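*Asks:* Supplied in structure tokens, the structure appears directly below.
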Amino acid sequence: MDVAIEQSWKEHVGAEFDKQYFVGLAGFVRSEYAHHTCYPPGKLIFNAFNLCPFDRVKVVIIGQDPYHEPGQAHGLSFSVNEGVAFPPSLINIFKEIELDLGTPVPKSGDLTRWAAQGVLLLNATLTVRAHQAASHQRKGWEEFTDAAIRALSADREHLVFILWGGYARSKAPLIDASKHLILQSVHPSPLSANRGGWFGNHHFSRANAYLRQNGIEPVQW
């Protein structure tokens, strides 16, 4: 596994690469990619970090693990490659943005445009074996991504952390709520969203209101 990561991130989480858990994780990931089809492509494993340098992060959206079907995952939580059909969770995200802000549903599910504005689209687990959801969980990735969340909480101020669903909400204790805004709701997947609590959460307008209050350019969702 190529652990080349954007320089500002290296300064904050680079020490993780030398830890025993990460050495084991790297060996596991290399073996998985050598013997199985895995996603995202190897060069995009750290895409979320590389597109969104540490000092430019405004908003963090935490997902669980990458999409596991062909052509979808490219290293950003909830995002799919240009031209790929929107997964159900992403459809509901775009519907809530339309309800909340009046922004029409876009033609592309590629959220690189958000990353370029300072939205860190962070999956807790950064790789997955094809067709096998959660297949790379509990191998060490969560320890690494928790370190990234802790570093943002400690070394930055006035960030918005968006936690959808029970798994993402379990990360709340890593975040200093006196310095940052934490927005929590059910997951946008149809199973959760249709039970209530997703539509009308206004996370996108609330995030932008908080950013504006703190003199930070809002996100064009």
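The values are calculated or read from the model by the stated rules, or taken from the named source; none is laboratory data. Keep in mind it's a predicted model, so treat the numbers as computed, not measured. Note that we place each Cβ from the backbone using ideal geometry, even for glycine, and neighbour counts take in every protein chain shown. These area figures cover heavy atoms from the full protein model, side chains too; ligands, DNA and RNA do not enter into them. Shrake-Rupley method; radii C 1.70, N 1.55, O 1.52, S 1.80 Å.
*Asks:* What is the chain's relative contact order, in percent, from Cα pairs under 8 angstrom and six or more apart in sequence?
*Replies:* Once normalised by length, the contact order is 23 percent.
*Asks:* Then there is this: Once neighbouring chains are kept in place and the probe is 1.4 Å, which whole percent of the accessible area of the chain is contributed by carbon and sulfur?
*Replies:* 51 percent
*Asks:* A follow-up question, please. Which value at 222 nm does the chain reach when only helices count, each DSSP H run of 4 or more adding -39,500 (n - 2.57), with the total divided by all residues and rounded to the nearest 500 deg cm²/dmol?
*Replies:* Here the helix-only value at 222 nm equals -10500 deg cm²/dmol.
*Asks:* With just the Cα atoms defining each centre, how far is region 145-161 from region 1-75? Give it in Å.
*Replies:* 17 Å
*Asks:* Where does the charge balance sit around Glu217 when Lys and Arg score +1, Asp and Glu -1, over other residues with C-beta under 12 Å from its C-beta?
*Replies:* My count for the surroundings of Glu217 gives +3.
*Asks:* Region 35-129: which GluC sites (Glu not before Pro) are DSSP loop and have at most 16 other beta-carbon atoms within 10 angstrom?
*Replies:* Passing both the DSSP loop test and the Cβ count: Glu82.
*Asks:* Could you put Arg30, Arg169, Arg138, Arg156 in order of accessible surface area, largest first, with the 1.4 Å probe and the full protein assembly present?
*Replies:* Reading off the accessible areas and sorting them downward yields Arg138, Arg30, Arg169, Arg156.
*Asks:* Accessible area per residue of the chain at 1.4 Å probe, in Å²?
*Replies:* 44 Å²
*Asks:* Here is a follow-up. Treating each Cα of region 22-81 as an identical point scatterer and ignoring solvent, apply the Debye formula and state log10 I(q)/I(0) at q = 0.20, 0.28 Å⁻¹.
*Replies:* At q = 0.20, 0.28 Å⁻¹ the computed log10 ratios are -0.86, -1.24.
*Asks:* Where the only charges are on Cβ atoms (+1 Lys, Arg; -1 Asp, Glu), what is the dipole of region 1-147 about its Cα centre, to the nearest 20 debye?
*Replies:* Dipole about the Cα centre, nearest 20: 200 debye.
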